[in-house]
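Engineer: Questions regarding the structure given below will be posed in turn.
What follows is calculated from the coordinates using simple rules that are stated; it is not laboratory data. This one's a predicted model, so the numbers in the text were calculated from it and none came from an experiment. Note: ideal-geometry Cβ built from the backbone for every residue, glycine included; neighbour counts use all protein chains shown.
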C-alpha cells in the first residue's frame, strides 16, 4: 500500500495543537497559575435557552417509538434548508433552491471536503493570513498554492492573483485580521472568477458579526456570484455551536458542482444529527434569534473593548469592528511567537501567533473576543504592565 | 477550474436514494397505501432512557456558563476513548492506546475519508456484495477495483484476491449477506495483508449482532492485525444512533497511518458533538448497556422470525443469525429489481435489491430486521400471498 505522499509536504503541526501543547507545558511547570485564554477562536457563552429547549425536545422525540428519527437526508432536513433560504438569503434578494443548500456537522469539514470535487492540477489561491486548513487541505491534495498576502499596506484586502487561479479561498469577515470587503471589492473577485472560470470557496463563518452598513453578508449579493462561488456557513460562532456541530454549505447549480457535492455527501456522509438540526432551526425563532444576537453583541462589545484599550496603550491594532478578532502588531519588532511567549510567560495570557495563519501574519498576534468580560479586563491589565 | 473527472465513472445514482425515489413514485400514484419498510438499514426502536438522560444532561451543561463546552479534541474526548478501550477491546485482550482511537460523527464518514490517506495508484479489493460506499469512494479517488465475489457456492466468504491488493475493504458481520468469518478465515486475510503489505479497512459496524461463539468481534483478535488493519465501528446499529451520529475508528500506530489520520482529522474535522459523545459514553453504563442490548435482541429475534418464515415458505435465505439482515434469493429466477418491484407493487413492501450491493448480489434482495414486529408480521403475511 502506498500512502498519500502529499502529507509529507505539510508543516509539522497544526497551529492550535501547537498552542495548546505550549500552554500545557507552561501549566505543568506552573501548576498554581491560571491562563487567560484570549487565543483560540472558541466561544464561551452558554447556549440560549430557546436552543437548549429545542434540543431537549429533539432528545425527547428520539426516546419514543412514535417520534423516533433515524437517518435524515444526507443533505439535511428540508425544513432547515428552507428556513435558511427564507431567513439568510431571501431577505437579501438572493434566490436559492433547497437542493443548493447542504446541512453538515460543521464548516470545517465542508471546507476540507470540498477539495475532493476538483482535479489535482488546479492552481489554488489563498488569502493570507488565514485559517490554516485551506492550505493544508490543498497540500494534502497535492495542489500548488499562491498566497494572497494581506498586510497593513493593502488594508488587509488581497490583490488579484498574478498567476491565474482555479480555486480561490476567501474568508470575510476575515479570520484572523477582522477585515471585511466592500461590495465593490468583493465584486472584483466575482468578476475575476467569471473571467477566469475559477471557483471561489467563500468562508462566511463570521458573517453575523458584521456591524458596518453596506458590507455584503453573502457573496451571492454580488451579481453573477452563483456561477462561481460556494459559500460555507457555520453556526459555531454565530450561535455558539462549537460543541453542538452544525453548519451549511451553498453549492449553486450554476457552478455545475451541485450534483458532485450531492454525490459526495451521499457517499461519504450520513447526514447531520437530528438534535443539532433542531438546534439550528431554533436559531431562527424570535427567542432563539434574540438569544444568539445577545451573545454576538456581547462578543462584539468585548472586541471593541480590547481594540480601544490596546490602541490606548499604543498598540497597532486592526479588526474588532465586524469580527470577534483583533489583529495586533507585536511591539518592539518582535515576531509572533516571541510576543506569544511573552504574553504566556509574563502575563499568563494565551493569544494566537499571527504567523500561524501564514507568512504574512508574521509580527502579529490575534486576540479573540470569545472570553468572559472579567478575564478580558484582567488580561488587558496585565498587558498594560508588559507595555 | 477542472473538476475531479473520476466522478464521471460513478454509477448513476446512490442505491438508497434510488429506492426512496421508487417508493415516492409509488406513493404518489397510490396515496392511500402504506409501505412496510423492510429495506433500508435504519433502526426503528427508540433510544434507551439512560442514553436520553445523558443527552439531556449534556444539553443542560451547554446551557450554563460554568459547564459550557465548545470545541472538544478533534479525535474525541479522552474519557470516551478510554471507555471504548476498557469495554470494547481490553476484555478481548486487545491492547490499544487512546491515541489510536478516533471518535467521529459516524462510520460512513470515516469509511469514505480514510481513502484520502492513500496514493491514487493503489489497487483496491472489495468484498462483494457490500455497502456501495467503499467502491464509490475508491472510484472517486480514481483507483482500480477488484471485487471479491461472495455467493452461495463459497458460503459468502470471499477468496483471496488473484491480483495483489493494496487496500482491502472487509465488512463482518457482512452487510448485506449477514455472513461472519471464523477466526481462521479472518486470520487468512490478516496474513495475506502482512505478506503483501496491504491495509485492511475492516467495517465492524454490526459487531454487536454476533451471537455465535468463537466468532471474532474485532479484527485485532487476530495476531498481527494491528500492523495491517484499521477497524471502523459505529453506534448507529448497536445503539440506535443513526440520527444522533457517533462512531469511532481505530488506527493502530503499527500501521504507520496513525499520524496521517490524526492530521487529516485535525485539518478537516472539528470534533464530534459533545452531546453525541456523552450519549456514546452512556452506552457503556449498566443501564445504557442493558437498554441497547434489549434493542439488539429485539432486532435479532425479528431477524430469526423473518428467516424462519421465509425458509418455511420455501425461500432460499442466508444471514439473520449474527446480523440484522436476511439475504434472500429472488424466486422464479427473477433478478433483484424485479423481485423488488413485485414486493413494492404487489405487497407494498420495501426491500433492498441485492444487485445494489454489487454484481454478485444480483438475484437476491436484503430484508432488514430493523422494523417493528407488527409490520414484520404483516409483511411476511403478504409475502406468503405472493409465493
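Engineer: Which shape class, rounded, prolate or oblate, goes with the range B:1-55 when its Cα gyration tensor gives a ≥ b ≥ c as root eigenvalues, a/c under 1.5 marks rounded, and past that a/b bigger than b/c marks prolate?
Structural biologist: Taking the square roots of the gyration eigenvalues as a ≥ b ≥ c, the range B:1-55 is oblate.
Engineer: Shielding of B:258-267 by partners, i.e. mean partner chain Cβ atoms within 10 Å per residue?
Structural biologist: 5
Engineer: Using just the helices of chain B, give the 222 nm mean residue ellipticity in deg cm²/dmol: DSSP H runs with n ≥ 4 each add -39,500 (n - 2.57), and the total is spread over all residues, rounded to 500.
Structural biologist: Value at 222 nm, helices only: -11500 deg cm²/dmol.
Engineer: How do the peptides A:145-155, A:90-100 rank, highest first, by the average count of neighbouring beta carbon atoms within 10 Å per residue?
Structural biologist: A:145-155, A:90-100
Engineer: Two-decimal Rg/Rh of the range B:52-163 from alpha-carbon positions, Kirkwood Rh?
Structural biologist: Expressed as Rg/Rh, it is 1.11.
Engineer: Among B:363-370, A:120-127, what's the highest-first ranking by average C-beta atoms within 10 angstrom per residue? Display every interim value, and only then the final one.
Structural biologist: Details: B:363-370: 26.8, A:120-127: 20.8.
Sorting B:363-370, A:120-127 by mean packing, highest first, produces B:363-370, A:120-127.
Engineer: Right, another one. What order, most packed first, do the peptides A:46-52, B:159-165, B:179-185 have when packing is the mean number of other Cβ atoms within 10 Å of each residue?
Structural biologist: In descending order of packing, they fall as A:46-52, B:179-185, B:159-165.
Engineer: Only bridges whose two residues both fall in the range B:181-261 count here: according to DSSP, what percent of them are antiparallel, nearest 5?
Structural biologist: Numbers: 4 of 8 bridges.
Here the antiparallel bridges make up roughly 50 percent for the range B:181-261.
Engineer: Of A:247, A:333, A:358, which has the largest mean-square fluctuation in a 10 Å C-alpha GNM of chain A?
Structural biologist: In the Gaussian network model the winner is A:333.
Engineer: Additional query: For peptide B:62-74, compute the average count of partner chain beta-carbon atoms within 10 Å of each residue's beta-carbon.
Structural biologist: Taking all residues of B:62-74 together, the mean is 6.
Engineer: Then there's this: I need the Debye-formula profile for the protein assembly as shown: one equal scatterer per C-alpha, no solvent, reported as log10 I(q)/I(0) at q = 0.09, 0.11 1/Å, two decimals.
Structural biologist: After summing over all Cα pairs, the log10 values are -0.84, -1.24.
Engineer: Using alpha-carbon pairs under 8 Å, 6+ residues apart, how would you state the relative contact order of chain A in percent?
Structural biologist: After rounding, I find 23 percent.
Engineer: Next question, about the same structure. Taking each label point as 7 Å beyond Cα in the direction of the beta carbon, state the distances from residue B:196 to the same residue in the other copies, shortest first, in nm.
Structural biologist: Result, one decimal in nm: 4.5.
Engineer: Further, regarding this structure: Given R₀ = 51 Å, FRET efficiency for residue B:18-residue A:385 by Cβ-Cβ distance, to 0.05? Write down the numbers at each step before the final one.
Structural biologist: On the way: r = 67 Å, r/R0 = 1.31.
According to the calculation, E is roughly 0.15.
Engineer: When only alpha-carbon atoms count, how far does the range B:49-286 stretch along each of its three principal axes, as whole angstroms with the largest first?
Structural biologist: 60, 38, 29
Engineer: While we're looking at this one, here's another question. Give me Rg/Rg_expected for the range B:131-227, where Rg uses Cα atoms only and Rg_expected = 2.2 N^0.38 Å with N residues.
Structural biologist: Cα Rg divided by the expected 2.2 N^0.38 Å: 1.05.
Engineer: Let me ask something else about it. Taking the radius of gyration and the Kirkwood hydrodynamic radius from Cα positions alone, what is the Rg/Rh ratio for the range B:173-294, to two decimal places?
Structural biologist: Rounded to two decimals, Rg/Rh equals 0.99.
Engineer: How much of the DSSP beta bridge set in the range A:49-286 is antiparallel, as a percent to the nearest 5?
Structural biologist: Of the beta bridges lying entirely in the range A:49-286, close to 30 percent run antiparallel.
Engineer: Would you kindly work out, in nm and rounded to one decimal, the distances from the label point of residue A:86 to those of the same position in each other copy, ordered shortest first, with label points 7 Å along Cα-to-Cβ?
Structural biologist: 4.7
Engineer: Taking the label point as lying 7 angstrom from Cα along the Cα-to-Cβ axis, what are the distances from residue B:214 to the corresponding position in the remaining copies, in ascending order and in nanometres?
Structural biologist: Copy-to-copy label distances for residue B:214: 8.1 nm.
Engineer: I've got another one for you. As a test, work out the antiparallel percent of DSSP beta bridges whose residues both lie in the protein assembly as shown, rounded to the nearest 5.
Structural biologist: 50
Engineer: Let me ask something else. Compare A:62, A:170, A:35 in a GNM of chain A, Cα atoms joined below 10 Å, and give the one with the largest fluctuation.
Structural biologist: A:62
Engineer: Could you check which residue among A:34, A:45, A:309 shows the biggest mean-square fluctuation in a GNM of chain A with a 10 Å Cα cutoff?
Structural biologist: A:34
Engineer: Relative to the compact-globule scaling 2.2 N^0.38 Å, provide the ratio for the alpha-carbon radius of gyration of the range B:264-362. Intermediate results must be reported in sequence, preceding the final value.
Structural biologist: Details: Rg = 19.1 Å, N = 99, 2.2 N^0.38 = 12.6 Å.
Ratio of Cα Rg to 2.2 N^0.38 Å: 1.51.
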